[in-house]
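Scroll down for the structure; my scribbles are underneath it.
Read-outs: derived from the displayed coordinates by stated rules, not from any lab. All of these numbers come straight from a predicted model, not from anything done at the bench. FYI the Cβ positions are ideal-geometry reconstructions off the backbone, even for glycines, and counts take in every protein chain you see.
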Amino acid sequence: MPAGRGDPRTDVSLAWELLYRIEPELYDRLSAAERLHPRVIEWLPRTAGRIVEVGAGTGRLTLGLQGRASQIVAIEPVEAFREILRRKLLAAGQADRVSVVPGYFDDLPVASGRADLVVACSVLTPAARHGGDAGLAEMERACRPGGCVAVVWPNNIGWLAERGYKYASFAGPMTVDFASHREAVELGEIFYPDALDEIRRLGSARVPYELLGINPPRDVSFKVMPG
């Protein structure tokens, strides 16, 4: 996360919100480096009529969902992120198969029971401003009976378990894969200042998640909606 500056009581979540709007390309560089465990993508349903992704960002998960559904609706509230995602989809030849639309957790712009899979990656938290119970209820509303609601790289496993969500995690070493060691240092100065000396000492574009002190994106909480 961006380092707080000045007042130690700085709201880190506010710092992220400012980053999204002021430096979306910078955030995209970080997101591209924090790749999901490949087994997470493999675990998600391979075929579906419709997938709804909530908080799609600049496409960390969206691009991996390509080819798994006849229609994908990617919901993202930040306009700059939507523009970046549309650009990536166009380059991948998938612009006509993915609808990128504005929307928020507590009021998803999709009909009830329409999606075979409703998924969010690294955005849903128990806090109301980042989804909370209202956002989780909206995800479940959009999912058809027998469909799956999945939270990839969940923020709070216990909170989801209390609401009937099962949990899967995939083993193996994971690294944040920067474009170069120079970029690792540059982004480390902004997002991982406490690990900057180790990033420099490592001398590699690949930095282990444990060195950065964050949990790697290797897990998913999920619920199959009752029929």
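If you put +1 on each Lys and Arg Cβ and -1 on each Asp and Glu Cβ, how big is the dipole of the chain around its Cα centre, in Debye rounded to 20? Intermediate results must be reported in sequence, preceding the final value.
Details: 27 positive and 29 negative charges, 164 e Å.
Computed about the Cα centre, the dipole is about 780 debye.
Could you work out the relative contact order of the chain? I mean the mean sequence separation of Cα pairs under 8 Å and 6+ apart, divided by the number of residues, in percent.
Relative contact order of the chain: 21 percent.
Using a 10 Å Cβ count of at most 15 others and DSSP loop calls, identify the longest part of the chain lacking such trypsin sites (Lys or Arg not before Pro). Before the final figure, lay out each step's value.
Values: sites that count: R5, R9, R46, R97, R163.
Here the longest segment lacking exposed loop sites spans 98-162.
Quickly estimate the mean residue ellipticity at 222 nm for the chain, helices only: each DSSP H run with n ≥ 4 gives -39500 (n - 2.57), and the total goes over all residues, rounded to 500.
Only helices count here, giving -9500 deg cm²/dmol.
Dipole of the chain (Lys/Arg Cβ +1, Asp/Glu Cβ -1, origin at the Cα centre): which of V185, L196, C121 lies farthest to the positive side?
C121
How far apart, in nanometres, would the label points at R200 and A92 be if each is projected 7 angstrom from Cα along the Cα-to-Cβ direction?
3.6 nm
Assigning unit charges at the beta carbon (Lys, Arg +1; Asp, Glu -1) and nothing else, what dipole magnitude in debye, to the nearest 20, does segment 126-205 show about its Cα centre? List each step's numbers first, then the result.
Working: 8 positive and 11 negative charges, 75 e Å.
In total the dipole reaches around 360 debye.
Can you find, among G67, T175, L160, the residue sitting farthest towards the positive end of the charge dipole of the chain, where Lys and Arg contribute +1 and Asp and Glu -1 at Cβ?
Comparing the listed Cα positions along the dipole, G67 ranks first.
What dipole magnitude, in Debye to the nearest 20, does segment 33-163 give about its Cα centre under +1 on Lys/Arg Cβ and -1 on Asp/Glu Cβ?
Charge dipole of segment 33-163: 460 debye, to the nearest 20.
Please compute the contact order of segment 78-180 in relative form: average sequence separation of alpha-carbon pairs under 8 Å and at least six residues apart, divided by the residue count, as a percent.
Answer for segment 78-180 is 24 percent.
When the chain is modelled as a GNM with alpha-carbon springs shorter than 10 Å, which of G93, G158, G59 fluctuates the most?
Evaluated over the chain, the most mobile residue of the options is G93.
For S112 and E79, what does the FRET efficiency come to when R0 = 25 Å and r is the distance between their Cβ atoms, rounded to the nearest 0.05? Don't skip to the end; give the middle numbers.
Numbers: r = 26 Å, r/R0 = 1.05.
Here the calculated transfer efficiency is 0.45.
When the chain is modelled as a GNM with alpha-carbon springs shorter than 10 Å, which of I199, I75, I51 fluctuates the most?
Judging by the Gaussian network model, the answer is I199.
Pairs of Cα atoms under 8 Å, at least six residues apart: use those to get the relative contact order of segment 50-92, whole percent.
Numbers: 43 pairs, mean separation 20.6, N = 43.
Answer for segment 50-92 is 48 percent.
As I understand it, the value is the acute angle between the Cα axis of helix 132-142 and the longest principal axis of the Cα atoms of the chain; what does it come to in degrees, rounded to 10?
Between the helix axis and the principal axis of the chain, the angle is about 40 degrees.
Rounded to the nearest 5, what % of DSSP beta bridges with both residues in the chain are antiparallel?
Roughly 40 percent of the beta bridges in the chain run antiparallel, per DSSP.
Per residue of segment 74-79, in order, report the coupling 6.51 cos²θ - 1.76 cosθ + 1.60 (Karplus, θ = phi - 60°) as ³J(HN,Hα) in whole Hz, putting x for Gly and Pro.
9, 9, 8, x, 8, 4
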